[in-house]
Structures are given as structure tokens and as C-alpha cells.
Amino acid sequence: MTSTEHETEEVQAWQYEPAADRNRPLVELLQGFPREPHLWMYVLRTTAALVIRSWFKLYHRFEIRNKERLPIGKSFILIANHQSHLDTPCLVSTIPLRNIHRAFPAAAADYFFKDLPTSAFSSIVVNGLPFKRQARGAESLILCRELLKNEGNILIIFPEGTRTADGTPGVFKPGIGLLCAGTDIPIVPCYLEGAFKALPKGARFPRPSKLVLHVGEPRSYEDASPSKESFKHIASDLEEAVFNLRPKS
Amino acid sequence: MIPESWSLQEMVDPVLGLYALLAVGLLVVSGLVLLGTHVAGKNVSSIWQTYRGWLIMAPLFLVTLWLGRVPTIVGLGLLSMLGFREFARATGLHRHWWYTVAVYVSIVSLCVLELMTDPRTGLAGWYGMFMAAPVYVIALLLTIPVLRNRAEGQLQLVSLSIVGFIYMGWMFGHLAFLANSTSAFGYLLYLFFAVELNDVAAFTFGKLFGRRKLRSNVSPNKTLEGCLGALAVSMVLPWLLHFSFPHFGWVELLLSGIIVGVGGQLGDLTISAIKRDLGVKDMGTLIPGHGGILDRLDSLIFTAPFFFHMVRWFHDLY
């Protein structure tokens, strides 16, 4: 009997993509990035976000000005001044609940991902991107660039790199330039008012002072060349954009 | 209030008590054998890990059964969901939450059907709806691409979800449904005991006499000798454990042996085929020395439904 095409046993293989964090211990699963989608994490994160949002609303009378400027649905970078641990949850609170699993605040790996409890908090509640600011900053910035190629991902970054110690604004680091030079990804500058008063560096418990987030116009640096000079230029340009949003008093 | 006097029999069902004694006896004997082999200078570290797994799993299962019908059904339901989670993560289905949530909800619904009372007969467990459940679940899963207005690649996701639900949810769910039976202890304990012993027998006979490969493209380590040895053990076991189901005649005892002897091996081989296709060694790492939940439950999934329907054919559940 001659074999015809219909009798062949060859079957086209399906495309399986097993979870990359299979067979990993819990702490590595939490520290790894990009994270696999875990349904239980989504549930916990959404619950935590609801609690945080109501707490901000009631305790800090949190207010967002010009929220409509956020290009929700597209990929973008959200940047702001960094005064306190309240900054990140404030910025995440601007994003609709169903998008928060794709909003990644860059979090210092040496601080927010150092052991199991902090990693659990930073990955489940914050959805943080472990940023290696000391050893491999450039590598982490490349990871961020890759992340933004997926439509709808949001990156939250504080270009000052650390919280201000005394309330005076810090200098924006040129790394932010590396992220956005030559791309059309919009960067949204924001200014958060009141966070230093509410929870300064070193304070244990937040005071009930009012928080206001001023959202600026999105901008991008498509024509910027990938040089150190232009990175510095972008950083100072964004620094100006952020602090210009500060209300004049 | 503490009763003035109580006997052990009032606290523990005699069948459950006998199995508990049996489990303790077997664990002690095999522990001593392992210790002896270790003292003799052989490396037993991998078997030791498997043994330690049993030391935890056996009491956990016995205590859950002892706690009653509801904890047993809920516990098996949780196991079912964890098993599906493993399956989803191994196939990549876990990235598509529409499908995974639909399957999780379906598994929870099965648990509810097992727990509730049949509205027509007033008996524990809504048998008719439980058996009809796949119709509704498959219809639901097939509707998801329509609801989302997406077509490309959806057939693979629908198919994986259906396999995941039927296999981990529905077929395994038969085991939980058995908890509604008046002879629940006997049936459940016999199944667990016989299936696991069948596994151990296949492993032991294979190690001792194994020559001919059983299915070289599916599971290279399984041998014909191991399989036949396990079948022989499984055929004898129902007679030795007759106290679990005193109402069984010789036909039922024979069928119980065949179901466990054949189904146990087939269950192992089917999950091996799936793992081979996926290119993974174990389905998970939840139980050290045993692999994932699916690696442990594969044989039970393949025996529980057949045993269930055999019992129902001859004696009904109640």
C-alpha cells in the first residue's frame, strides 16, 4: 500500500510556552522579571490597590489634576519628583484598576527585593520592576526599554534616583535620557505636592496632610541622538517640566 | 461536654481505623527497610525523599477524611484547582486569564454540585447535574472567543482548557463525589491505597525484573515486567481489603482489581505522554520526591471515574 498525504502520522506541533518560573523557589519567583501572570497575585494586588486608594482618598484627601493627559491604553513612562514612600502608590492610583498589572514602578533591587518579605510586598502589591541601580544600571534600563515595546505597559520612574532628605528637589539623573532618546514613547511629567509633609524620609507613620498630583503634558524625544550630551539635556529638560508643574505660592 | 467514657470505635469508623493501622504498619516497615539499606551502605537519598513525602501525605489524607464529608470534598476541590494550575502553567494557558478563570469557576461549581443535595431525590450530591456539567463547561469555553471577538489561536486555548477541566476537574471530581456514598471511607481509602500500592509495585517489579520497554516514546523507564507485576498485585488486593466493601461479590472485586491495575498504569502513561509533548520532566515541584500534584494524582484520575461507575452500576452510591 502506498502512503498518501492523508495517511502520514506527522503532526504539526502546537506552540507551548510553559511558565518561565516553573520549578523555582518562591523567592526567585517573586524577584524574577518579567514576572509570569499569577492569578492569585492579581487578586491580591487589586484588593491592595482598592484599600490604598480609599485610604488616600479619606486620609490624605488625594486629588489628581489633569488626569485626562495620561495616554491610558498606550505604553508610556510616568515620572515625578521623589519625596517619600507615598509617591509610588500615588502615581499608581492615577491608573485605572484593570491596567495596574501592567504598570511597573522601577524599584531599587537592593532595597525592595532584598529578602522574601520585601520581595513579596514589592512584587505582589507594588508590581515593582527590580532595578539594579548600583551594579548593573544600564542592564536594567535595557530591560525597561524592552518592557515599553509591549503596547499598554506603563513604567513609573523617579529620575532623581532616591528620595529627597530635606524636601529640596534633587537633580535628574541622565539615565532617563537613555530610556527615551530616539523613541516615540510618551513621557508624562508629574509633580506630587504634599508627600514630604505627609511622610518624609525616616518617618514611621504618615501624617494626614493633603496630597495633590499635578499631571503634565506628555512629551517625547524622537529626534534626540543617543549621546551622553543629549541624555543630560533630556534629563534637565524633564526636570524643568516636572518642577514647572509646582503650584506658585 | 466530655463524655463519661468513650470507646475508640465511636470516634473512628472501623474501616478508617483499619486503614490507618495499615498505613502506619507499611510506613514503619518500609522505613525500617530503607534504614537497613542505608546501613548496608547503599545510596537511598532519592527514595528517602519520596518516603518523607508519604510521611506527610498519608496522615494529611486520613485526617481530612476523618473530619468528614465537607472537608474531604473541599480538600479534593482545592487539589483539583492546584492540579489545573500546574497544567495551565506547563502549557502556557496561564497567560490567558479568561480561560483559566472560567475553568477555576467550573471546578468550584463542581464542588458545589458535590456538596449540595439532589433537588429531586433528596440524596447527597447532585448526580445528574454533575454528570451533565461538561456540556455546560465546554459550551462556556467555546463561547469565550465569541465574547472576546477574537479568533486567532483561540482553538488551542479552548482545547487546552477543555482537557484541563475534564481531566483535572471532572474526572478527578468523581473521587470527591464518592465522599457522598454511604461506604465513602471504604471506597476512597481502597482507591488511594490500591492506586499508590500499584505505583510502588510497578516501580519495584520494574527495578527487579524489568527488561522489555513498555512504551519507548512515551515513558522510557516503564517496563512490561513492572506493569504485569503491578497488575498481579492489584488483582489480589481487593480480596485482601474486602472489609472496605463487604457488600461486593466476586465480580465487583475482580473489576476493582482490573480498574486499578490497568487504569493506574494508563494514568501514569497518559500524563507521561502529555509531559513529553510539553517537553517538561515533572508537572511541578510541590511535593519533594514526587514532582507535582499531577505526577501524584495521574493514576487516581484514571481510576476514580471507572470505579465510581462500576460501584453505581452494581450497588448505587447510597
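The values are calculated or read from the model by the stated rules, or taken from the named source; none is laboratory data. These figures come from a predicted structure and were not determined experimentally. Every residue, glycine among them, receives a Cβ derived from its backbone with ideal geometry; neighbour counts consider all protein chains shown. These accessible areas exclude ligands, DNA and RNA; they are computed on the full protein's heavy atoms, side chains included. Shrake-Rupley method; radii C 1.70, N 1.55, O 1.52, S 1.80 Å.
Points worth noting:
- The Kirkwood radius of segment B:48-114, taken over pairs of alpha-carbon atoms, gives through the Stokes-Einstein law at 37 °C and 0.692 mPa s a diffusion coefficient of 243 µm² s⁻¹.
- Partners for A:Lys248 among aspartates and glutamates (Cα-Cα distance below 13 Å; same-chain residues under 8 apart left out): A:Glu193
- Of B:Phe193, B:Phe245, the order by accessible heavy-atom surface (1.4 Å probe, DNA, RNA and ligands excluded), from most exposed downward, is B:Phe193, B:Phe245.
- Sorting B:Ile258, A:Ile176, B:Ile287 by accessible area puts them as B:Ile258, B:Ile287, A:Ile176; the probe is 1.4 Å, largest comes first, and only protein heavy atoms count.
- Within the full protein context, the accessible area of B:Trp48 is estimated at about 110 Å² for a probe radius of 1.4 Å.
- Note on segment B:181-318: Kirkwood radius taken over Cα pairs, Stokes-Einstein applied at 25 °C and 0.890 mPa s, translational D equal to 159 µm² s⁻¹.
- Under 12 Å, Cβ to Cβ, from B:Phe192 - net charge with Lys/Arg +1 and Asp/Glu -1: -1
- The shape of segment B:11-67 can be summarised by an equivalent ellipsoid whose semi-axes, obtained from the alpha carbon gyration tensor, come to 28, 12, 5 Å from longest to shortest.
- Only Cα sites of the protein assembly as shown enter the Debye sum here, all with the same form factor; the resulting log10 I(q)/I(0) across q = 0.05, 0.12 1/Å is -0.32, -1.15, listed in q order.
- Kyte-Doolittle mean at least 0.0, axial Cα span of 20 Å or more - DSSP H helices of chain B: B:14-39, B:45-67, B:69-91, B:97-115, B:127-148, B:184-209, B:224-240, B:250-278, B:293-315
- Loss of accessible area when B meets A, both sides summed, Å² nearest 100, probe 1.4 Å: 1500 Å²
- Distance between the pseudo-spin-label points of A:Arg145 and B:Thr117 (7 Å out from Cα toward the beta carbon): 6.8 nm.
- Exposed GluC sites (Glu not before Pro) absent: longest stretch of chain A, with sites in DSSP loops and at most 10 other Cβ within 10 Å deemed exposed: A:11-150
- Per-atom-type breakdown for segment B:181-318 gives carbon and sulfur 66% of the accessible area (1.4 Å probe, protein chains only).
- Cα-based values for segment B:45-192, radius of gyration first and Dmax second, are 17.3, 55 Å.
- The residues of segment B:95-112 listed by number as losing at least 50 Å² of accessible area in the complex, against the isolated chain and with a 1.4 Å probe, are B:Arg95.
- Surface calculation, 1.4 Å probe, protein heavy atoms: A:Ser209 sits at approximately 20 Å² accessible.
- The distance linking segment B:96-158 with segment A:9-76 is 26 Å (Cα centroid to Cα centroid, whole angstrom).
- Whole-Å semi-axes of chain A's equivalent ellipsoid (Cα gyration tensor): 37, 23, 18
- The convex hull drawn around the Cα atoms of chain B, when projected onto a plane and averaged over every direction, covers 19.8 nm².
- Solvent-accessible surface ranking, highest first, for B:Thr50, A:Thr168 at 1.4 angstrom: A:Thr168, B:Thr50
- Heavy-atom accessible surface of A:Asp166, to the nearest 10 Å², is about 100 Å², with a 1.4 Å probe and all protein chains retained.
- The distance separating the Cα centre of segment B:200-245 from that of segment A:179-239 comes to 67 Å.
- Close Lys-Lys pairs in chain B, where close means Cα under 22 Å and separation is 8 or more or interchain: 8
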